[in-house]
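The values are calculated or read from the model by the stated rules, or taken from the named source; none is laboratory data. It should be emphasised that the depicted structure is a prediction, and the values quoted were computed from it without experimental measurement. Every residue, glycine among them, receives a Cβ derived from its backbone with ideal geometry; neighbour counts consider all protein chains shown.
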Ligand code: PRX
């Protein structure tokens, strides 16, 4: 059977929630989901007020929602503290001695922090921050390995009202510098290194390089000792985490913060310019993270929950730290690579800890499939009860493999569509209610008014492809782009009046299920990581030998998309395989390993319209090896195309 036919058959399969699962779930039927969804859309204020009462408020709100397109304020007048919700409120009952974080380092060390212990560490570190001059509203960069201290640092910021900005450990010195400059950060929390596939990633060295030019406002660097690797300590600027903790008080009251107090900034790629600082605030965000853990993961006190995302991405924020801890759940954290020391590391961890809910990315699932079932079958995965995916479209074959091989055919799969900007899950099955179909994120979450519209903003009918929009504000939505009001309006709210435009293309099937096609702007999704083509292009042209560059995505079996760069060199420069390697390395240095180009194709010129715009659609087709079939009448120099198709590095 051809894989196309097979995937069509699989797409049409419907998996009803197992009775055994549904009977225990919070939402047990489609009727219950629909009733709740209808209420959440017709009367969001009532719906969300009821849900928000499950959080701990220091002062009740006066108004649930204040919405003046495109600015939303949720729970106006209310005050709360995220760390109090994630920690203090669990200390009164049996959760006090329950594992909050279970951690495993890549070399194999294990640590468990109970809620009581985590609370103590967060309070102590919050006092360290205070002693180092951190005040409400200050911006703190966290550039850490996947160790409990990353979560401790985040929670300590929230305790005192500082705004954290976590930078993924796979980003470069220049990326740290850009983010420090844009956010005006005054302090960086990092480590002497992090383990990845047996080698040490020099986190502190990257921080040193980022601060070398002296352009940023960073005055203090707190360094956690993880690897004991030799590092440079800048006198007067750098201090050790463990030294700072000596003699520090373990009492630190949780600051009462207005619901709309900025909580964190997380940088993400857009279609133009440098990554933008997505701003999330306190009350609405926490509610969204909490509610989705409650209804989508149906998290229970007895669960061992594992989200494999790095804390540097939004998934690590909402679904490794804030959502699960606000629920009082046990969250597992693993530091390293899935194939270290061997390809079965994840399955070994699931078996060792008895993981019950597992959340990962399609890219990882495709890699596991490729490595082979033998790595899975030697482990007992019977503890699993629910599986989730996020970050990119999951192809039906990978869904089926996940279902059968990891889930043993018994675990519902929640394919959750959302974005850095949305704060939490937006389109997702409810596991005890929604019949799933491989490849679709199914139906909107509560309060989410999603639609597919045409270029004019008109809603489309079944199976018509268009743009995915959200027509109502929701609690976890971004509140802006740090320091750039105009860009916020322009990027998300200018395409269609009064609607949030997500940047994704999608269609709805006859059952109303959303099938995400992928980004329709110039943003790539490489191995579940978001990457702006313009970022890679500007990294390339910053190299002295490059005159011009255009970057496009090419379908890739494993990574979803591969990064293909069309490059024209300056006159007098000779192209070669060596130069291609140099340029790949250059992009790695400028952005980080996540952006490493897969292919560099040298070409004499780039196809452009008469007005000088690069014709990316054509480049995409060339990169994919497809015939150029689209409309080329506006192409300036047709001969360019023929050359492109054969340009190789
Ligand atoms: O294209 C969509 C894709 O990832 C983009 C958001 O990327 P980021 O902000 O990095 O957040 C990723 C983790 C929430 C979206 O615009 N995406 C995310 N989840 C899915 C998805 N595409 C299809 N199906 C999903 N479940």
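So here's what we get for this one:
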item	result
Meets criteria (assigned by TED's automatic domain parsing to the domain that holds residue 347, more than 25 Å from residue 321 (Cβ to Cβ) and either free of Cβ contacts under 8 Å to residues at least 12 places away in the same chain or not in a strand (DSSP E or B) (or both)) for residue 397	yes
Of all residues making up region 238-252, the number that are part of a loop (DSSP other than H, G, I, E, B) and more than 31 Å from the chain's Cα centre (by Cα)	6
Candidates 280, 288 - the one that is within 16 Å of the ligand (Cβ to nearest atom) and closer than 22 Å to residue 185 by Cα	280
Residue 380 vs. criteria free of Cβ contacts under 8 Å to residues at least 40 places away in the same chain and either out of contact with any strand residue (DSSP E or B) (no Cβ under 9 Å at 6 or more places or on another chain) or not in a helix (DSSP H, G or I) (or both)	yes
Residue among 531, 524, 540 that alone is more than 25 Å from residue 363 (Cα to Cα) and touching a helix residue (DSSP H, G or I) at 6+ places or on another chain (Cβ under 8 Å)	540
Subset of region 539-558 [over 30 Å from residue 368 (Cα atoms), surrounded by fewer than 17 Cβ atoms within 10 Å (Cβ to Cβ) and either touching a residue at least 40 places away in the same chain (Cβ under 8 Å) or out of contact with any strand residue (DSSP E or B) (no Cβ under 9 Å at 6 or more places or on another chain) (or both)]	542, 544
Region 559-586, residues that are free of Cβ contacts under 8 Å to residues at least 12 places away in the same chain and part of a helix (DSSP H, G or I)	578, 581, 585
Candidates 217, 229, filtered to the one that is part of a loop (DSSP other than H, G, I, E, B), more than 25 Å from residue 587 (Cα to Cα) and in contact with a strand residue (DSSP E or B) (Cβ under 6 Å, 6 or more places away or on another chain)	229
Of all residues making up region 89-114, the number that are part of a strand (DSSP E or B) and surrounded by 19 or more Cβ atoms within 10 Å (Cβ to Cβ)	7
Single unsatisfied condition, residue 34 versus (1) outside any loop (DSSP other than H, G, I, E, B); (2) within 29 Å of the chain's Cα centre (by Cα); (3) closer than 28 Å to residue 258 by Cα	(3)
Residue among 514, 501 that is touching a helix residue (DSSP H, G or I) at 6+ places or on another chain (Cβ under 7 Å) and buried (at least 17 other Cβ atoms within 10 Å of the Cβ)	501
Some residue of region 416-428 being away from the ligand (no atom under 16 Å from the Cβ) and in contact (Cβ under 8 Å) with a residue 60 or more places away in the chain	no
Test result for residue 443, buried (at least 21 other Cβ atoms within 10 Å of the Cβ), within 13 Å of the ligand (Cβ to nearest atom) and closer than 30 Å to residue 597 by Cβ	no
Residue selected from region 400-413 under the condition outside any helix (DSSP H, G or I) and within 23 Å of the chain's Cα centre (by Cα), by the criterion surrounded by the fewest Cβ atoms within 10 Å (Cβ to Cβ)	413
Residues satisfying the stated conditions in region 500-513, i.e. within 16 Å of the ligand (Cβ to nearest atom) and either outside the structural domain of residue 454 (by TED's automatic domain parsing) or more than 15 Å from residue 419 (Cβ to Cβ) (or both)	507, 508, 509, 513
Residue match in region 166-175 (condition: within 18 Å of the chain's Cα centre (by Cα), in a helix (DSSP H, G or I), at negative phi and not assigned by TED's automatic domain parsing to the domain that holds residue 482)	yes
Any hit, region 307-325, residues being assigned to a strand (DSSP E or B), away from the ligand (no atom under 16 Å from the Cβ) and surrounded by 24 or more Cβ atoms within 10 Å (Cβ to Cβ)	no
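Residue-wise test of (1) touching a strand residue (DSSP E or B) at 6+ places or on another chain (Cβ under 8 Å); (2) closer than 30 Å to residue 398 by Cβ.
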residue	(1), (2)
20	no, yes
26	no, yes
33	no, yes
50	no, no
54	no, no
81	yes, no
